[in-house]
Structures are given as structure tokens and as C-alpha cells.
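The values are calculated or read from the model by the stated rules, or taken from the named source; none is laboratory data. Remember, it's a predicted structure, so these values are computed and weren't measured experimentally. Cβ atoms come from the backbone with ideal geometry, glycine included; neighbour counts cover every protein chain shown. Side chains are part of the model used for accessible areas, which takes the heavy atoms of the whole protein and leaves out ligands, DNA and RNA. Shrake-Rupley method; radii C 1.70, N 1.55, O 1.52, S 1.80 Å.
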Amino acid sequence: MKFTLSWLKEYVDTGDLSPEALADHLTMLGLEVDGVTEVFPDLKSLKTAKVLSVEPHPNAETLHLCEVAVGEDTYSIVCGAPNVRKDLITAIALPGTVMPDGTKIKPSKVRGITSNGMLCSERELGLSDSHTGIMELPADLEHGLPLRKVLGLDDLQIEVDLTPNRPDCASVIGIAREVAGITRTPLTLPVGEVSMERGSCEFKVDIEDSEQCPRYAARLIKGVTIAPSPWWVRKRLLSIGLRPINNVVDITNLVMMEYGQPLHAFDYDTLEGKQILVRSPRSNETTFTTLDGVERSLEADMLLICDAAQPVAVAGVMGGLNSEVTATTTNILLESACFNPISIRRTARRLNLPSEASYRFERGVDPDGCITAMERAVSLLSEVAGGTAVPGGVDLYGGIRPLNSLTLRISRTSALLGIDLDYNKIADVLQSIGIRCIEKDKDTLWVNPPTFRIDIEREVDLVEEVARLIGYNNIPTSLPTVSLSYPEQDPQRRLRAQTATLLTGMGFSEAINYSFVTEKHLSLMRLAEDDLRRRQVTLLNPLSEEQSVMRTMLLPALLENLKRNINFQKNSVKLFEMGKVFTPQGENEQPIEKERLVGILSGRRNGEASSLHFNDENVDILDAKGNLEQILETLRLQGCGSIDLVQFRIPEQGEVDPYSDSSQCLLLDTEKGILGQLARLQPEVARNFGIKQEIFFFDLDLELLCSLQAIPKKFSSLPVFPAVKRDIALLVPEDVKAGDLLKTIRASKEKFIEHCEIFDVYQGKPLEKGMKSIAISMTYRSPSKTLTEKNVTKSHTKIIQQLTSQFNGSLREG
């Protein structure tokens with residue numbers, strides 16, 4: 001929305017507000033000012049001039065030699081304008097002037113005679129398309145004056161970027177109303193409250209659908225003379241970037257910018273049947289030629305203005321070429337209407353025909369303002385076009401809206417804005433922009449928003465108006481009270497993140513697979529028909545057969561990932577996934593969702609590392625076990641005390657899954673149940689997935705893992721006294737588990753034992769068949785003294801005796 005400062009001041013007194021302060025106030029009111037610029041700044045250097053004499057050019061018949069006075073100076077100008085004459089007051093561009101089109105004026109010879117400037121036409125000044133002669137100014141003007149000041153163009157143009165909910169401000173009067181709310185000065189309107197005498201026997205108006213056209217008013221003006229508009233009209237339009245056309249069209253555009261109500265003038269004598277019908281296109285009406293001469297395609301839901309025979313305008317967008325006001329027009333029918341915003345927006349987009357009229361209609365115009373704007377236009381047309389308005393007119397208002405009456409609570413307004421308000425303060429700011437209100441009780445106001453404020457629908461909209469008008473800068477800033485306590489994090493989420501970090505640190509990559517899988521996976525895994533994991537949730541509308549059910553295992557998808565990597569010649573792979581598995585409950589019940597952690601290892605132990613620095617050994621079951629041990633120790637579930645919360649054990653008969661190799665399988669036990677397993681994948685299962693190399697995996701219940709309480713950390717000072725290390729090499733039956741020896745040592749409660757670990761297990765010659773050697777390193781230390789040989793030997797002997805007796809072993813000699 002563009003307007004000039006002088007135009008604004010015709011309706012409201014801006015007081016001592018500077019243009020910059022006015023722009024700041026409008027922006028804070030929600031009407032963002034995009035720019036404040038001078039009007040026609042290129043005309044600053046031009047001045048008025050008086051032609052003192054005119055002589056024929058000796059070398060050209062159509063040129064004249066002119067002596068021109070500009071203030072106290074006189075210049076010789078060569079001019080070819082047919083209207084140049086003695087005593088004419090016109091506009092001059094002196095040497096050094098840069099014209100609006102970028103041309104720089106300088107002294108130049110024209111047919112052998114030097115011209116020291118240029119007498120200008122309106123087209124050369126960018127004021128119109130007229131180039132029939134140089135500009136003619138009033139004869140009583142002095143010469144040497146700045147042209148911008150003489151023409152009234154020494155003004156400022158203000159451009160406001162409107163939000164879609166404020167169509168009332170798409171007019172100079174709407175902006176002036178907002179300024180009046182700032183300055184608390186009265187609004188001066190060019191037309192007061194008016195009413196139109198209804199009834200005209202010279203034309204008829206009908207509306208097919210009042211929802212699409214809530215109001216349509218029209219008046220007939222006879223005897224108009226089509227001519228250029230007077231300068232004050234053209235100046236106002238030029239100042240805001242609109243092109244003057246003729247006095248009738250210019251007045252409709254002027255009133256539209258003034259009131260925000262689009263108007264349209266039809267050549268009355270071209271209307272068939274002297275009738276206006278607002279309707280949709282008929283089946284045979286598929287195209288229509290608009291004022292710009294373009295034939296446009298019509299659609300069934302577009303709204304047209306028609307006479308008795310054919311369409312004459314696209315409602316709210318653009319008039320038709322067949323009813324255009326031309327130089328021969330003498331009688332006009334003036335339209336002032338209100339159309340459905342959605343219909344106009346849709347039509348303008350489909351026709352790719354944005355216009356100033358559609359800009360306002362698609363945001364919503366005030367139906368109660370139709371008559372006021374029309375009467376203003378009728379008055380101006382009678383003044384500048386010499387027409388006579390036929391008494392009365394037609395006003396169809398079938399879409400009248402009920403009065404929007406709202407209540408506004410003072411306490412609620414104060415609470416939302418954080419300031420103390422009373423009735424007088426609220427009533428003052430609301431009434432300053434035309435919102436009527438009266439006191440209902442001590443805490444409530446009755447408020448009647450005017451019809452031009454279509455954006456006010458609820459109490460909170462009124463609160464926003466109060467905030468705008470009081471000024472957001474005048475509302476004190478207060479920070480909310482926030483507790484300084486550290487936000488508590490979900491321990492399970494933290495543990496999952498920690499576990500993922502540990503696995504990636506061990507060389508694993510995290511995989512994220514779809515929860516939708518193929519039901520063939522379970523057969524490939526060799527699950528029994530009665531296995532609970534074969535009960536799956538079937539999708540009603542699967543993306544494909546490969547994603548028809550919800551998974552009950554994570555391992556198959558990881559095997560598919562492994563196969564894909566091998567196909568791309570990446571044979572050494574470590575992958576893990578944390579995700580949900582789904583177990584159905586019933587037809588109308590949601591499935592149970594359980595989170596699990598699954599990892600797979602295959603290929604070389606050191607991955608893609610160079611064989612120059614690492615050997616080419618492949619992973620085995622102990623790699624998987626070591627990964628899990630490191631996780632459990634980091635989570636303080638193992639290796640942090642005399643008792644491990646998670647223990648590895650060999651599965652009993654019937655505890656091994658059909659896809660696990662029973663000879664290389666371990667279960668993880670807790671007090672709450674089996675945490676999971678780690679094993680070598682059966683080669684047959686691997687081949688079912690198209691994989692020929694060895695695969696090891698672990699599969700844990702992540703929810704059970706998260707529920708285990710970690711062993712509390714205990715502080716102990718750094719050791720002061722030295723440690724003593726001793727080794728034990730025991731011969732025990734081959735069915736004895738090496739880990740059981742460590743458990744026995746830790747459970748012995750010998751106070752000097754600080755640490756014990758296995759460093760060698762051996763079977764073979766020269767040991768007896770059925771026997772194996774287990775070597776254990778023992779570390780002894782006292783926190784209060786230096787241990788003597790006697791102290792260490794006593795504790796060491798007790799441990800050896802306990803191990804040999806409990807596991808039927810003996811010390812290995814040599």
C-alpha cells in the first residue's frame with residue numbers, strides 16, 4: 001500500500017511527528033513500513049522557465065531558436081515543440097541535469113547552433129505519455145522556481161507492507177485512522193454518513209448468489225466528457241505509481257486508494273438491455289476478453305458481471321473490452337460492490353491477473369462502505385467530468401452480516417499484557433480507531449467492532465488491539481521465573497546412547513532398518529512353527545510384499561545388511577541395531593513393543609586395516625563375548641565387585657535357538673531373567689541369506705538391560721604401598737570352566753587380593769588326556785602396610801588349596 005504524506009495529512013493531523021517517527025509508529029502498530037522515499041527525485045534539478053522570444057531556426061524548418069529566462073539567467077535553447085511561443089511558462093532541464101530515463105543534458109549543437117538545455121514535455125519528465133508538445137504551466141508562475149515544488153511533487157511516498165488480515169488499511173483513510181489512534185486527533189473524512197435513494201427505472205440489477213456477491217450498488221451518470229484528468233488528480237496517482245488514463249478511470253482509482261473500495265465504470269450505452277446480472281458463466285461462455293485485450297478462459301465457478309446478453313467484466317478482477325469507457329463515452333454506470341474473497345482470489349490466480357482491485361477484494365472489503373465510496377466518486381465525477389448523476393440508484397444488500405458484538409474483560413486484558421488497565425484507558429484507545437464500546441460492569445466492556453475490521457472476531461483480538469495502541473514498547477518486559485534445577489534426563493535414553501557410543505568405539509556401525517519386513521525371514525531363520533516369534537502383526541495396506549508384517553526379530557534385517565555389504569566386496573562387517581520388535585495381542589489391541597539390541601560380527605578381526613600391521617585372523621565367539629564384557633563393565637554391571645549382576649553361562653538343553661550353533665553359544669543371566677545370548681550363526685541359516693562366511697551375533701533385551709541397577713561407585717584413594725604379584729598354574733579336568741576359578745577366588749574374601757585374571761588356557765601334550773592347564777595372575781596389596789613374604793604366602797596358599805580341592809586339580813609343575 002502506497003500513499004503520500006501530504007495525502008495522509010488531508011485526513012488526519014500528524015502533529016509534530018517527523019516522517020521517520022511516523023514510519024516507526026506505523027511499524028509498531030503492525031503496519032510495517034517498507035520505505036519512505038521522495039516523489040520524483042529525478043525532477044529535483046529541473047526549474048520553471050519563461051520563453052522570452054521565439055525565432056525560426058535558420059537551418060531547419062521545424063526547429064525554433066528560443067531565448068529563455070530562468071531566474072536572473074537567460075539561455076539559448078533550440079526547441080522543436082509546435083506549442084512553443086513567447087511568454088510560455090514551461091519546464092527546463094539545464095546542462096548537467098540527469099533526466100528520469102538516465103539521459104544527461106549538456107550543451108550541444110543542433111543544426112549548427114548551440115542549445116544550452118532542453119525544454120521538456122510531460123513524457124520526458126515521466127509524468128505522462130503526452131509528447132505533442134512541451135509542458136505548459138500557468139502563465140502567472142514565476143520562472144526559476146524548482147519544478148517539483150511548483151507541481152506539488154516535493155512530497156514523500158510511504159510504502160506499507162500489509163498483512164492479509166488488515167484489508168481496512170489498504171486505503172489512505174485506513175492508514176489515517178491508525179495514525180489518529182497515535183496522535184489522538186479526529187479523523188477528517190471527505191464524505192460523511194450518506195444514504196442513497198433506492199430505485200432507478202433506467203437500469204436493473206440482479207444477483208444470482210448473494211453469498212458470492214453480498215452487496216452490489218450502482219448509479220447512472222449522464223453527460224460526462226472523457227478527457228485527461230486535472231493535474232491534482234494525476235499528481236496524486238503519479239505520486240503512488242499509478243498511471244493516469246482519463247478523468248473517469250482516474251477518479252475510480254483515486255477513490256479506491258482513498259477508501260479501499262474498488263469501483264468500476266461501464267459505458268452505459270454498450271450494456272444490452274440496460275441490465276446488470278451478477279452470475280457464473282453459462283455453458284457456452286468459455287472465453288472473455290478483458291480490458292488489456294487478452295482473451296481469457298473462463299471456468300464454471302468464476303463470477304461474472306453481465307448485461308442481458310453477455311459478460312461485461314470478471315467480477316472483482318478486471319472489466320471487459322466490450323464495455324470499456326472510451327473517448328466517445330457520454331453515459332457511465334458506476335459499480336460499487338462487495339464480492340466473496342475466496343472466489344476473487346481463486347479467479348485472479350487462475351487468470352494470472354492480479355490487480356489493485358483484486359488485491360482488496362480477495363482480502364475482504366467493507367460491505368457497509370460501498371455507498372460512501374460510490375457517493376464520493378459520483379461527486380468527483382460531476383466535478384471533473386461534467387456529468388450529472390441520475391437521482392437514486394440500485395443497492396442490493398442480500399449478504400448483510402449480523403452485528404458482531406463482543407465482551408472484553410478488563411482483568412483478562414491486564415493479565416495477558418502484564419500491565420494495569422481500567423475502563424477509561426481501554427475505551428480511549430479502542431475508540432481512537434473507531435471501535436465503539438460501552439461499560440457493561442466494572443470488569444467488562446461491550447464492544448462493537450466496525451464492519452471494516454473483519455479481523456476482529458474474538459476477545460483476544462481486542463486484547464491485541466489494546467496492546468497495539470498502547471504500544472508494545474510501553475509494555476514492560478519481564479522474564480519468566482524458571483527453576484535453575486538441571487533437567488532430569490531419562491536414564492534409559494541415556495543408557496541407550498552410552499551403549500551406542502561404546503559399540504561405535506569398538507568399530508561397530510549402527511544400522512537403522514524398517515520395522516516392516518517380509519514374513520519369509522522367520523522361515524529363513526529356521527524357527528519352529530509354534531515359536532511365539534512367528535506370531536506377527538500383519539499390515540492392512542503394506543507398501544510391498546517385502547514389507548507386509550512388523551518384525552519380531554532384529555537379526556534377519558542385519559543379515560540382509562551384511563549380505564549387501566558382501567555384495568559390494570565389504571567382507572569385514574560389524575553392525576548393531578537398537579530397535580523395537582512387535583508382538584500381537586489381539587484383534588483390537590495394540591501390539592506389545594519391546595526394545596532389543598542386536599549386533600553381528602563377520603570377517604577379519606581388524607576390518608579393513610592393512611595386513612602389514614595386523615594379522616588376517618577372523619572374528620570368533622570370544623570377540624563377541626569381549627565386546628559384551630566391555631559394555632557390561634562400562635555400565636558397571638560386571639567386574640566392579642565380588643558379584644557380577646550379569647553372568648555368562650552355557651545354555652541347557654532346549655535353551656538354544658535353532659539358528660544358533662550350540663557348540664558356540666552363551667546365555668547372559670541376571671536375577672530378573674535371561675538378558676540375551678551370543679552365539680555363532682548356524683552356517684545353514686547364513687546360506688539361507690546368501691552368506692557363506694562365518695557370522696557371530698549377540699541379541700540382548702534392551703529394556704531388561706536398562707532396568708538393571710548399576711553397582712554403585714566407591715571412592716578409594718590411590719594405593720600407597722606396593723603390590724605383590726604371584727601366578728598360579730592349575731591342572732584341572734577339561735570340563736572345568738575357567739571363569740568358575742575366578743569366581744571362587746573373588747568369593748574367598750581374602751583381604752589382600754586386589755585383582756585376579758586368567759592369562760593362559762592350554763590343552764594338549766604333554767598334559768594328560770582330559771586335563772587342561774589354566775594360568776591365573778594374582779595381585780596382592782594391603783591398604784595399610786607393605787606386605788611381607790609371609791603375608792603373601794599365607795593368602796596364596798589358601799587360594800591354591802581352595803582351588804585344588806574344589807575343582808579336583810593340582811599345581812602344574814614346570
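Computed values, structure above
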| quantity | calculated |
| --- | --- |
| Unmet criterion (only one of (1) of a type outside the set (Phe, Trp, Tyr); (2) farther than 14 Å from residue 807 by Cα; (3) open to solvent by 30 Å² or more (accessible area, probe 1.4 Å); (4) touching a residue at least 60 places away in the same chain (Cβ under 8 Å)) for residue 782 | (3) |
| Residues satisfying the stated conditions in the range 412-424, i.e. closer than 21 Å to residue 458 by Cβ and either assigned to a helix (DSSP H, G or I) or out of contact with any helix residue (DSSP H, G or I) (no Cβ under 8 Å at 6 or more places or on another chain) (or both) | 412, 413, 414, 415, 416, 417, 418, 423 |
| Identity of the residue in the range 663-694, open to solvent by 30 Å² or more (accessible area, probe 1.4 Å) and part of a loop (DSSP other than H, G, I, E, B), that ends up nearest to residue 626 (Cα to Cα) | 694 |
| Output for the range 24-39, where each listed residue is of a type outside the set (A, V, I, L, M) and in contact (Cβ under 8 Å) with a residue 12 or more places away in the chain | 25, 30, 32, 34, 35, 37, 38 |
| Evaluation of residue 640 against (1) part of a loop (DSSP other than H, G, I, E, B); (2) under 24 Å from residue 735 (Cα atoms); (3) of a type in the set (A, V, I, L, M, F, W, C); (4) touching a helix residue (DSSP H, G or I) at 6+ places or on another chain (Cβ under 8 Å) (one fails), failing number | (2) |
| Residue that is open to solvent by 80 Å² or more (accessible area, probe 1.4 Å) and under 26 Å from residue 190 (Cβ atoms), where the choices are 24, 13 | 13 |
| Residue ID - least open to solvent (accessible area, probe 1.4 Å), chosen from residues in the range 471-513 that are free of Cβ contacts under 8 Å to residues at least 12 places away in the same chain and of a type in the set (Asp, Glu) | 490 |
| Flag for residue 510 being within 23 Å of residue 578 (Cα to Cα) and not aliphatic (A, V, I, L, M) | yes |
| Within the range 317-359, considering residues that are without any contact (Cβ under 8 Å) to a residue 12 or more places away in the chain and either touching an Asp or Glu at 6+ places or on another chain (Cβ under 7 Å) or assigned to a loop (DSSP other than H, G, I, E, B) (or both), the one farthest from residue 301 (Cα to Cα) | 354 |
| Test for residue 302: is it part of a helix (DSSP H, G or I), among the hydrophobic types (A, V, I, L, M, F, W, C) and modelled with pLDDT under 95 | no |
| Matching residues in the range 653-662 - criterion: being open to solvent by 60 Å² or more (accessible area, probe 1.4 Å) and modelled with pLDDT of 90 or more | 655, 662 |
| Counted residues, the range 642-652 - those being charged (D, E, K, R) and open to solvent by less than 30 Å² (accessible area, probe 1.4 Å) | 0 |
| Close pairs from the range 541-568: first without any contact (Cβ under 8 Å) to a residue 24 or more places away in the chain, partner not in a loop (DSSP other than H, G, I, E, B), Cβ under 7 Å, at least 6 apart | 565/573 |
| Filter pass, residue 38 being at pLDDT 90 or above, open to solvent by 50 Å² or more (accessible area, probe 1.4 Å) and under 30 Å from residue 160 (Cβ atoms) | yes |
| Set 132, 163: member being touching a residue at least 12 places away in the same chain (Cβ under 8 Å), among the hydroxyl-bearing types (Ser, Thr, Tyr) and open to solvent by 70 Å² or more (accessible area, probe 1.4 Å) | 132 |
| Unmet requirement for residue 483, which otherwise passes all of (1) in contact with a strand residue (DSSP E or B) (Cβ under 8 Å, 6 or more places away or on another chain); (2) part of a loop (DSSP other than H, G, I, E, B) | (1) |
| Filter pass, residue 58 being out of contact with any His (no Cβ under 8 Å at 6 or more places or on another chain), closer than 22 Å to residue 147 by Cα and open to solvent by 70 Å² or more (accessible area, probe 1.4 Å) | no |
| Checking residue 65 against (1) closer than 19 Å to residue 150 by Cα; (2) among the aliphatic types (A, V, I, L, M); (3) open to solvent by 10 Å² or more (accessible area, probe 1.4 Å), the condition it does not meet | (1) |
| Residue tally, condition acidic (Asp, Glu) and either open to solvent by less than 90 Å² (accessible area, probe 1.4 Å) or assigned to a strand (DSSP E or B) (or both), over the range 727-774 | 6 |
| Single residue of the range 78-95 satisfying the filter (within 60 Å of the chain's Cα centre (by Cα) and closer than 15 Å to residue 114 by Cβ) that is surrounded by the most Cβ atoms within 10 Å (Cβ to Cβ) | 79 |
| Residue 433 vs. criteria in contact (Cβ under 8 Å) with a residue 60 or more places away in the chain, β-branched (Val, Ile, Thr) and within 23 Å of residue 31 (Cβ to Cβ) | yes |
| Any pair with Cβ under 6 angstrom, 6 or more apart, that starts in the range 526-540 at a residue that is open to solvent by less than 40 Å² (accessible area, probe 1.4 Å) and ends at one that is not basic (Lys, Arg) | 536/549; 536/552; 537/550; 537/582; 537/584; 537/591 |
| Matching residues, the range 489-509, being touching a Cys at 6+ places or on another chain (Cβ under 7 Å) and either of a type in the set (A, V, I, L, M) or in a loop (DSSP other than H, G, I, E, B) (or both) | 495 |
| Any hit, the range 601-616, residues being surrounded by fewer than 20 Cβ atoms within 10 Å (Cβ to Cβ) and in contact with a Leu (Cβ under 8 Å, 6 or more places away or on another chain) | no |
| Any hit, the range 253-262, residues being open to solvent by 30 Å² or more (accessible area, probe 1.4 Å) and over 22 Å from residue 364 (Cβ atoms) | no |
| Single residue of 732, 720, 761, 724 found to be of a type in the set (Val, Ile, Thr) and closer than 13 Å to residue 807 by Cβ | 732 |
| The listed residue being touching a Phe, Trp or Tyr at 6+ places or on another chain (Cβ under 6 Å) and over 17 Å from residue 690 (Cα atoms), out of 517, 537, 581, 549 | 537 |
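The rows are residues; the columns are (1) farther than 25 Å from residue 478 by Cα; (2) open to solvent by less than 30 Å² (accessible area, probe 1.4 Å); (3) aliphatic (A, V, I, L, M).
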| residue | (1), (2), (3) |
| --- | --- |
| 397 | yes, no, no |
| 400 | yes, no, yes |
| 405 | yes, no, no |
| 426 | no, yes, yes |
| 435 | yes, yes, yes |
| 447 | yes, yes, yes |
